[in-house]
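A quick write-up on the structure given underneath.
The values are calculated or read from the model by the stated rules, or taken from the named source; none is laboratory data. Treat the numbers as computed from the prediction; the structure is a model and nothing was measured. No Cβ is skipped: glycine too gets one built from the backbone with ideal geometry, and neighbour counts run over all protein chains shown. Side chains are part of the model used for accessible areas, which takes the heavy atoms of the whole protein and leaves out ligands, DNA and RNA. Shrake-Rupley method; radii C 1.70, N 1.55, O 1.52, S 1.80 Å.
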Amino acid sequence: MEFLRPSDWDEALAAKAAHPDAMPIAGGTDVMVDLNFDRSRPTALLDLTRVTALTDWGTDGDLLRVGAGVTYRRLIDELAGRVPGLALASRTVGSPQIRNRATVGGNLGSASPAGDAHPALLAAGALVELASTRGTRRVPVTEFFVGPKRSVKTPDELIAAFLVPARPGVEQFAKVGTRNAMVIAVCSFALALDPQTRAVGTGIGSAGPTPLRATEAAEFLAAELPWETRGAVPAAVRARFGELVGAAARPIDDVRGSADYRRHALAVLARRTLAWAWTDLGGAA
Amino acid sequence: MRVTCVVNGETRQADDVWPGESLLYVLRERLGLPGAKNACEQGECGSCTVYLDGLPVCACLVAAGQADGRTITTVEGLAPGTGEEQLDRVQRAFLATGAVQCGFCTPGLIVAVHDLLARDPAPTDPDIREALAGNLCRCTGYEKIMEAVRLAATS
Ligand SMILES: Cc1cc2nc3c(=O)[nH]c(=O)nc-3n(C[C@H](O)[C@H](O)[C@H](O)COP(=O)(O)OP(=O)(O)OC[C@H]3O[C@@H](n4cnc5c(N)ncnc54)[C@H](O)[C@@H]3O)c2cc1C
Ligand code: FES
Ligand code: FES
């Protein structure tokens, strides 16, 4: 096995082009588990931790661009006001030791349906920036995932960054698991309300072959919310929103929970995150 | 592959390192530092916790080559010398409260607590639990561990 250690972004892209089989490694919290348990034997590891371009963040017009190598720890410490939903999701990832190393780029790279960053990125309408020696493209995160642990990323590409609107609306995230730390989600849900555009964003985790959106639920809620008056959200609207989110999931029965339980729990999470987000917007309870 | 890093203040070098092996393996098997423990090799238990460039991480999840040129502090590096009176206050507090049973989780907990108290000199109980969420004690001595942290914070 080779160990490739590019010192900057151009070198990293060149190394990936020359060794498309090389396994990129950032925080290593997915890659090393597989290596330690002999589940994978890549021909080479491509260490991205020396590429400082990946750990930058800043604004890019009306977007916020966050390098793929920014850790959950830094998202929480430095970006909680700018990516509120993702910061909430980051707080639920693993443990302090894991959050000190693990990155959003690694979460996207693994593309697990249970990845906690994904629902928040979906709800926020994020773009994923992919790059290779051939060029750079920005893919809506809604089109990024194509199957369990599969994405549109080609073998010569690396994930450079993700981008979200620089002025976020109100965002919430909730996750069901057996304890407060160190759990893979049984299911999770992220909600974004944008009072400017009166748009609703949603993201469902761990309840389908890929992270999903609840498009119908979002459209329903956007039309029914009392945006103008900020009055209480009618109980029937809350209930219907929950139902539609549950219906948008495509869960299976597995060791972590049954499909029925997941649909039920998602309806509960949808109602709860709606109540929190509406209060955050100054809406009546 | 050769890996060179500063461990507990000294420049150390390991040769013939397999690129897929972990920093934990390098520390324990190549550099003779058995303080950090190997229990799960999957980031779940925290018994391998060490400082990497000042941040506590699971050494089992750091590829050896990623540690090249970096600075590492293990539980062995927290005490300025040998002998009980030389121990760090966190180590002394674990001894004083009997927060050690089999001791397997202890080195990782000590590093995690050391980091907590460096960031927050007077943590509340929920803060302590949150900071130690990544460290499992198979002997389940959590109450004594909580006592040790409270004692270390006030000593
Ligand atoms: C104990 C433990 C608890 C965990 N808890 C959670 C949890 O609560 N929620 C959760 O979502 N996940 C959790 N995980 C999984 C893991 O921490 C996350 O998926 C994390 O985001 C991975 O990031 P990383 O930087 O460590 O990725 P790595 O392990 O370095 O890489 C992961 C994958 O992404 C690829 N990759 C990394 N960076 C790039 C890049 N820039 N371009 C292209 N490909 C790239 C790698 O090749 C690999 O395929 C946990 C893992 C452990 C060990
Ligand atoms: S051995 Fe590293 S976390 Fe358990
Ligand atoms: S003392 Fe035995 S594992 Fe904690």
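Each label was represented as a point 7 Å from its Cα along the Cα-to-Cβ direction; for B:GLN42 and B:ASP127 these points are 3.3 nm apart.
Take the Cβ-Cβ distance between A:ALA232 and A:ARG39 as r, set R0 to 60 Å, and report the resulting FRET efficiency rounded to the nearest 0.05.
Working: r = 51 Å, r/R0 = 0.84.
That pair, A:ALA232 with A:ARG39, gives E of 0.75.
Straight-line cross-link partners of A:LYS16 among the lysines, defined as a Cα under 21 Å from its Cα and at least 8 positions apart when in the same chain: A:LYS149, A:LYS153. Of the solvent-accessible surface of chain B, computed with a 1.4 Å probe over protein heavy atoms with every protein chain present, carbon and sulfur atoms account for 49 percent. Centre-to-centre separation between the Cα atoms of the stretch A:216-248 and those of the stretch A:66-126: 27 Å. In the stretch A:170-280, inverting the average of 1/r over every pair of distinct C-alpha atoms gives 14.0 Å as the Kirkwood radius. In this simple spin-label model, placing a label point 7 Å from the Cα along the Cα-to-Cβ direction at both A:ALA199 and A:ALA80 gives a separation of 2.7 nm. Per-residue 3J(HN,Hα) values for the stretch B:117-124, derived from phi via the Karplus relation 6.51 cos²θ - 1.76 cosθ + 1.60 with θ = phi - 60°, read 6, 5, 8, 9, x, 9, x, 7 Hz in sequence order (x marks Gly and Pro). Between B:MET146 and A:SER258, the modelled label-to-label distance comes to 3.5 nm, taking each label 7 Å out from Cα in the direction of the beta carbon. The equivalent ellipsoid that matches the C-alpha gyration tensor of the protein assembly as shown spans semi-axes of 38, 28, 18 angstrom, in descending order.
Computed from backbone phi, the HN-Hα couplings of the stretch A:132-138 come to 8, 5, 7, x, 10, 9, 10 Hz, rounded to whole numbers (Karplus: 6.51 cos²θ - 1.76 cosθ + 1.60, θ = phi - 60°; Gly and Pro given as x).
Rounded if a/c is under 1.5, else prolate if a/b beats b/c, else oblate: with a ≥ b ≥ c from the C-alpha gyration tensor eigenvalues square-rooted, which is the stretch A:1-95? Note, shape of the stretch A:1-95 comes out oblate.
Give me P(r) over the stretch B:84-154, computed from all C-alpha to C-alpha distances, binned every 10 Å, as integer percentages. Result returned by the calculation: 22, 62, 16, 0.
Scanning chain A for trypsin sites (Lys or Arg not before Pro) in DSSP loops with at most 10 other Cβ atoms within 10 Å, what's the longest stretch left with none? Don't jump to the answer; show the numbers that get you there.
Details: sites that count: A:ARG39, A:ARG179.
Looking at chain A, A:40-178 is the longest stretch - no exposed trypsin sites (Lys or Arg not before Pro) with at most 10 other Cβ atoms within 10 Å.
Could you state how much accessible area is buried at the B-A interface, both sides summed, with a 1.4 Å probe, in Å² to the nearest 100?
Details: alone 8010 and 13140 Å², together 18620 Å².
Summing both sides, the interface buries roughly 2500 Å².
The loop-placed trypsin sites (Lys or Arg not before Pro) in the stretch B:1-83, going by DSSP, that have at most 15 neighbouring Cβ atoms within 10 Å of their Cβ come out as B:ARG2. Amide H contacts for B:VAL50 (H built 1.01 Å from N in the peptide plane; partners 5 or more residues away or on another chain; cut-off under 5 Å): B:VAL57, B:ALA59.
Quick check: with the 1.4 Å probe, what order do A:HIS19, A:HIS264 take by accessible area, largest first? Provide the component values of the computation, followed by the final result.
Numbers: A:HIS19 60, A:HIS264 120 Å².
Putting A:HIS19, A:HIS264 in descending order of accessible area: A:HIS264, A:HIS19.
In the stretch A:103-124, which residues have a backbone nitrogen under 20 Å from the label point lying 7 Å from A:THR178's Cα in the Cα-to-Cβ direction? Answer for the stretch A:103-124: A:113-116.
In the stretch A:1-24, the residues that give up 10 Å² or more of accessible area when the other protein chains are added, compared with the chain on its own (1.4 Å probe), are A:MET1, A:PHE3, A:ARG5. Ignoring any ligand, DNA or RNA, what whole percent of the accessible area of the stretch A:103-171 comes from carbon and sulfur when the probe is 1.4 angstrom? Within the stretch A:103-171, the accessible surface is 50 percent carbon and sulfur.
Mean residue ellipticity at 222 nm from the helices of the protein assembly as shown, using -39,500 (n - 2.57) per DSSP H segment of n ≥ 4 over the full residue count, to the nearest 500 deg cm²/dmol? Working shown, then result.
Numbers: 15 runs with 146 residues, N = 440.
Per the formula, -9500 deg cm²/dmol.
Before I look further, what does the stretch A:7-165 give for accessible area per residue, probe 1.4 Å, in whole square angstrom? Spell out each step's value before the answer.
Details: 5930 Å² over 159 residues.
In whole numbers, the stretch A:7-165 has 37 Å² accessible per residue.
Listed values for the stretch B:37-46 are Karplus-derived 3J(HN,Hα) couplings in whole Hz (6.51 cos²θ - 1.76 cosθ + 1.60, θ = phi - 60°), namely 9, 9, 10, 10, 6, 9, x, 8, 10, x, and x replaces Gly and Pro.
Backbone amide hydrogens, once placed in the peptide plane, bring A:ALA44 within less than 5 Å of A:GLU2, A:MET23, excluding anything fewer than 5 places away on its chain. Solvent-accessible surface (1.4 Å probe) assigned to A:SER206 amounts to roughly 10 Å².
Go ahead and run the numbers for FRET between B:LEU95 and B:GLU29, Cβ-Cβ distance against an R0 of 30 Å, rounding to 0.05.
Details: r = 28 Å, r/R0 = 0.92.
Calculated value: 0.60.
Stretched out fully, how many nm does the piece from A:VAL268 to A:LEU281 gain, at 0.36 nm a residue minus the Cα gap?
Result: 2.7 nm gained on full extension.
Subtracting the Cα-Cα distance of B:CYS139 and B:GLN13 from 0.36 nm times their residue separation leaves 41.8 nm of extension gain.
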